[in-house]
Amino acid sequence: ALLSDLYGIDPADLVEFVAKMPLVSANINEFLIAQCAPGRVDAVKAACESRLATLQSSASQYPETAELLENYKLVTSGDYILFCIDGNADAMVEAFNTYAK
């Protein structure tokens, strides 16, 4: 339910996923790694972009988060997707690309 509420992702669009996000809005580090149902990568990607837009609209409350939002990563490989907002986003993409084949 939380994934649907925050990201707008229909649970039927995912085979499996792991997501981590903070408990407080002042910290925006989060990620979602998912295996999408066949043909649903674009829908999940659009939901992640919507989530990013929501976070960006509230970023003025916490200016220190602007750099993290600017450097977010959203990558796909086949039916897999990674969305991350984190200081280690580049390393996360590297690991994702290594294992999502």
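The values are calculated or read from the model by the stated rules, or taken from the named source; none is laboratory data. The structure displayed is predicted, hence computed values, not measured ones. Here Cβ is always computed from backbone atoms with ideal geometry, including for glycine, and neighbour counts include all displayed protein chains. The protein model used for the area step is the full one, side chains on, heavy atoms only, and it has no ligands, DNA or RNA in it. Shrake-Rupley method; radii C 1.70, N 1.55, O 1.52, S 1.80 Å.
Tabulated values for the structure
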{"item": "Residue-count net charge about residue 83 - beta-carbon cut-off 10 Å; Lys, Arg +1, Asp, Glu -1", "result": "+1"}
{"item": "Surface share of carbon and sulfur [accessible, 1.4 angstrom probe, percent] for the stretch 7-95", "result": "50"}
{"item": "The chain: angle of helix 89-99 to the longest principal axis, Cα-based, in degrees nearest 10", "result": "10"}
{"item": "Set of aspartates and glutamates with alpha-carbon distance to residue 73 below 19 Å, sequence-local pairs under 8 removed", "result": "30, 42, 49, 64, 86, 90, 94"}
{"item": "Electrostatic dipole magnitude of the chain [Cβ: Lys, Arg +1; Asp, Glu -1; Cα centre; debye, to 20]", "result": "140"}
{"item": "At R0 = 35 Å, FRET efficiency that the Cβ-Cβ distance of residue 27 and residue 101 yields, to 0.05", "result": "0.65"}
{"item": "Under 14 Å, Cβ to Cβ, from residue 74 - net charge with Lys/Arg +1 and Asp/Glu -1", "result": "-3"}
{"item": "Local electrostatic count, residue 58, Cβ distance below 14 Å [Lys/Arg +1, Asp/Glu -1]", "result": "-1"}
{"item": "The chain: C-alpha gyration tensor shape, a/c 1.5 cut-off, then a/b vs b/c", "result": "oblate"}
{"item": "Cβ-Cβ FRET estimate between residue 71 and residue 2, R0 fixed at 35 Å, reported to 0.05", "result": "0.90"}
